[in-house]
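Trainee: After the C-alpha cells below, expect a handful of questions from me.
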Amino acid sequence: MNTLSTLFSLLSKDIKVEFRQRILTATILLFVASACFTIYQVFFAGRARVNPLVWNSLFWLVVLFSSFQVVGKSFSKELDQQFWYYFFVVRADLLILSKLIYHFIMLNLTSWLSWIFLSVFFQNPVQDVGLFTLAIELACLGLSAALTLVSAISAKAGKNSTLLPVLGFPLIIPTLLFVIKLSINALDALGWDLALPHIITLASLDCIMIALSFILFPYLWRG
Amino acid sequence: MTIPLMLYVVWMGLMGKVPRLPILNETVRNLYFHVPMWFGMIFLFGASVWFSIQYLRTGNLENDTKAGSYVEIGTVFGILGLVTGMLWAKFTWGEYWSNDPKQNASAVGMMIYFGYLLLRGSLGNERDRARISSVYSIFAFSILVPLIYVLPRFTDSLHPGNGGNPGFNPYDQARYMRPVFYPAVLGWTLIGFWIGDLVIRYKTLIFKRLENVK
C-alpha cells in the first residue's frame with residue numbers, strides 16, 4: 001500500500017506541476033500543430049497527394065519527433081535541485097515507474113492531437129478505429145519505455161539535448177517499424193487476425209523494455 | 001601468468017589463419033568473411049553485455065574496460081560485415097544498398113553502438129562512464145536482438161535462404177564448404193576476442209601507469 005501511495009504521489013506531483021505551468025502541454029500542442037501545418041503547406045506547395053499510406057508515415061513521423069519534446073526535459077529537474085531530497089525519500093524503481101506512466105499519458109496526448117490535426121488538414125483515412133487506437137497505445141507504451149530510460153541516461157550524462165536523439169533514435173526504430181506495420185492493417189481494415197502477430201510482438205517488445213528500465217534504472221540512479 | 005596467456009594468444013593467432021584458406025568459388029567465398037563477421041559481432045557484443053552486467057553487480061572497473069573494448073572491436077566487425085555485405089550485394093543484387101530488412105537492421109545496430117561509443121566518449125569520470133554506459137549497453141543489446149532476429153522474419157529478405165532465394169541451407173551449402181565455414185566462424189570470433197584481449201591489456205597498462213603517476 002505504501003509503495004502504491006508513493007507512486008501515486010510522485011505521479012500526481014508531475015501532473016500537478018504540469019497543470020500549473022502547462023509548459024509541456026503548450027509545447028506539445030504548438031509543436032504538433034505547427035508540424036502538421038508545415039506538412040500541409042509543403043504538400044500543398046509541392047502539389048503532392050497524400051494517400052493513406054503517406055498519411056500513415058507522416059502521422060508516425062510527427063509522433064516520433066514530438067515524443068522527443070515530451071521526454072526531453074523531464075529528468076533535468078529531478079537531477080538538479082531535488083536530487084538529494086529524492087535520493088533519501090523515494091525508491092528508484094517507483095520513480096521510473098511514475099515517469100513511465102507520466103510519459104505514457106503525455107505521449108497519448110501527443111498522438112491524439114496529431115491524429116486530430118492531420119485529419120483536419122488532410123482526410124482521416126483510418127478505417128478500423130479500434131485497431132488504430134490499439135496501435136497508438138502500444139506505440140506510446142513502447143516510446144515511453146524506450147525514451148524514458150534514454151532520457152535519464154542523457155540527463156545523467158549532462159548533455160541532454162544532444163545525446164537524447166543520438167541514443168534514442170536507433171532504439172525506437174524496432175518499435176516504430178512494428179507499429180507502422182500494425183497501423184497499415186488498421187488503415188485498410190484488414191482485420192484483427194492479420195494484425196495479431198504484430199500485436200503480440202509489439203506487446204512483448206514493450207514488456208521487455210519496461211522490465212529492463214525497471215531493473216536498470218536503480219543502477220543509474222545510485223551514483 | 002604471462003606464459004599461459006601468450007600460449008593462449010598464439011593458439012588464437014593460429015586459429016585465426018584457418019579461414020584464409022582460399023576456396024576457388026566466386027562470390028560464395030564471401031560466406032567465409034561476411035557471415036562470420038556477424039557471428040563475431042554478436043558474440044563480442046554479447047560478451048560486452050555480460051561484462052556490463054558484471055560491472056553493475058560488482059562495481060569492478062576492469063569489467064567496464066572489458067565491456068568497452070569488446071564493443072569497439074564488435075563495431076569494427078560490424079562495419080566490416082556491412083562493407084563486405086555491400087560489396088557482395090553490388091555484384092549479386094545490383095545495388096550497394098537495396099533496402100533489405102537485414103541490411104537496415106544491421107545499420108541500425110551500428111547506429112546503436114556508435115551512440116554507445118559517443119556516450120562513453122562524452123563522459124570524463126570513470127565511475128560515471130562505467131555505470132551509465134553499462135546501463136545503456138544492456139538496454140540497447142536487448143533491443144538489438146529482436147531487431148536482428150525477429151523483425152527480418154516478418155518480411156521477405158533478399159538474403160540467401162529468405163523469400164525463395166537459394167543459399168544458406170543444408171542442401172545448397174555443399175558438403176565441402178561446411179568444414180571451412182564453421183572454423184571460419186570460430187576463427188573470426190577468436191580473432192575478435194584476441195584483439196579485444198590485446199586492447200583490454202593495453203588499456204589496463206595505461207590505467208596502471210596513470211595510477212603510478214598519481
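The values are calculated or read from the model by the stated rules, or taken from the named source; none is laboratory data. This structure is a prediction, so every number in the text was calculated from the model and none was measured. Positions of Cβ are generated from backbone atoms using ideal geometry, with glycine treated the same way; all protein chains shown enter the neighbour counts.
Trainee: Please work out which residue is farthest from the other protein chains (Cβ to nearest Cβ), limiting yourself to region A:171-223 and to residues that are in a helix (DSSP H, G or I) and among the small types (Gly, Ala, Ser).
Mentor: In the first step, residues of region A:171-223 are kept if they are in a helix (DSSP H, G or I); the result is A:171-188, A:192-222.
With the extra rule that they be among the small types (Gly, Ala, Ser), the set shrinks to A:183, A:186, A:195, A:203-204, A:211, A:213.
Working: A:183: 15, A:186: 17, A:195: 12, A:203: 12, A:204: 8, A:211: 9, A:213: 7 Å.
Applying the filter and picking the extreme gives A:186.
Trainee: Filter region A:200-220 down to the residues that are touching a Phe, Trp or Tyr at 6+ places or on another chain (Cβ under 8 Å) and hydrophobic (A, V, I, L, M, F, W, C), then identify the one that is surrounded by the most Cβ atoms within 10 Å (Cβ to Cβ).
Mentor: Here is the first cut: in region A:200-220, the ones touching a Phe, Trp or Tyr at 6+ places or on another chain (Cβ under 8 Å) are A:201-202, A:205, A:209, A:212-213, A:216.
Narrowing further to those that are hydrophobic (A, V, I, L, M, F, W, C): A:202, A:205, A:209, A:212, A:216.
Working: A:202: 24, A:205: 25, A:209: 28, A:212: 20, A:216: 23.
Looking at residues that are touching a Phe, Trp or Tyr at 6+ places or on another chain (Cβ under 8 Å) and hydrophobic (A, V, I, L, M, F, W, C), I get A:209.
Trainee: Here's a follow-up. What are the pairs with Cβ atoms under 9 angstrom where one residue, in region B:106-129, is in contact (Cβ under 8 Å) with a residue 12 or more places away in the chain and facing another protein chain (nearest Cβ under 8 Å) and the other, located anywhere, is of a type outside the set (Phe, Trp, Tyr) and outside any helix (DSSP H, G or I)? Sequence gap at least six, or different chains.
Mentor: Listed by first residue and then by second, the contacts come to B:127/A:223; B:127/B:59.
Trainee: Only one residue in A:122, A:169, A:104, A:117 is surrounded by fewer than 24 Cβ atoms within 10 Å (Cβ to Cβ), in contact with a helix residue (DSSP H, G or I) (Cβ under 9 Å, 6 or more places away or on another chain) and modelled with pLDDT under 85. Which one?
Mentor: Values: A:169 fails: modelled with pLDDT under 85; A:104 fails: modelled with pLDDT under 85; A:117 fails: modelled with pLDDT under 85.
Within the list A:122, A:169, A:104, A:117, the selection yields A:122.
Trainee: Only one of (1) under 18 Å from residue B:110 (Cβ atoms); (2) surrounded by fewer than 18 Cβ atoms within 10 Å (Cβ to Cβ); (3) at pLDDT below 75 fails for residue B:36. Which number is that?
Mentor: For residue B:36, the exception is condition (2).
Trainee: Just the residues that are more than 7 Å from chain A (Cβ to nearest Cβ) and among the polar types (S, T, N, Q), please, taken from region B:130-147. Steps first, answer last, please.
Mentor: Within region B:130-147, the subset more than 7 Å from chain A (Cβ to nearest Cβ) is B:130, B:133-134, B:137, B:141, B:144-145.
If the condition is that a residue be more than 7 Å from chain A (Cβ to nearest Cβ) and among the polar types (S, T, N, Q), then B:133, B:134, B:137 are the ones that fit.
Trainee: Within region A:132-173, how many residues are more than 14 Å from the chain's Cα centre (by Cα), under 15 Å from residue B:142 (Cβ atoms) and not hydrophobic (A, V, I, L, M, F, W, C)?
Mentor: 1
Trainee: Might you check whether a residue that is of a type outside the set (Phe, Trp, Tyr), within 12 Å of chain B (Cβ to nearest Cβ) and under 14 Å from residue A:63 (Cβ atoms) occurs anywhere in region A:122-141? Quick ask: steps written out before the conclusion?
Mentor: Start the filter on region A:122-141 by keeping residues that are of a type outside the set (Phe, Trp, Tyr), which leaves A:123-131, A:133-141.
Those still in the list that are within 12 Å of chain B (Cβ to nearest Cβ) too: none.
So far as region A:122-141 goes, no, none of its residues is of a type outside the set (Phe, Trp, Tyr), within 12 Å of chain B (Cβ to nearest Cβ) and under 14 Å from residue A:63 (Cβ atoms).
Trainee: If you check residue A:34 against the conditions, is it closer than 18 Å to residue A:180 by Cα, in a helix (DSSP H, G or I) and modelled with pLDDT of 80 or more? Spell out how you get there, then give the answer.
Mentor: Values: closer than 18 Å to residue A:180 by Cα: no; in a helix (DSSP H, G or I): yes; modelled with pLDDT of 80 or more: yes.
So residue A:34 does not fit the description; no.
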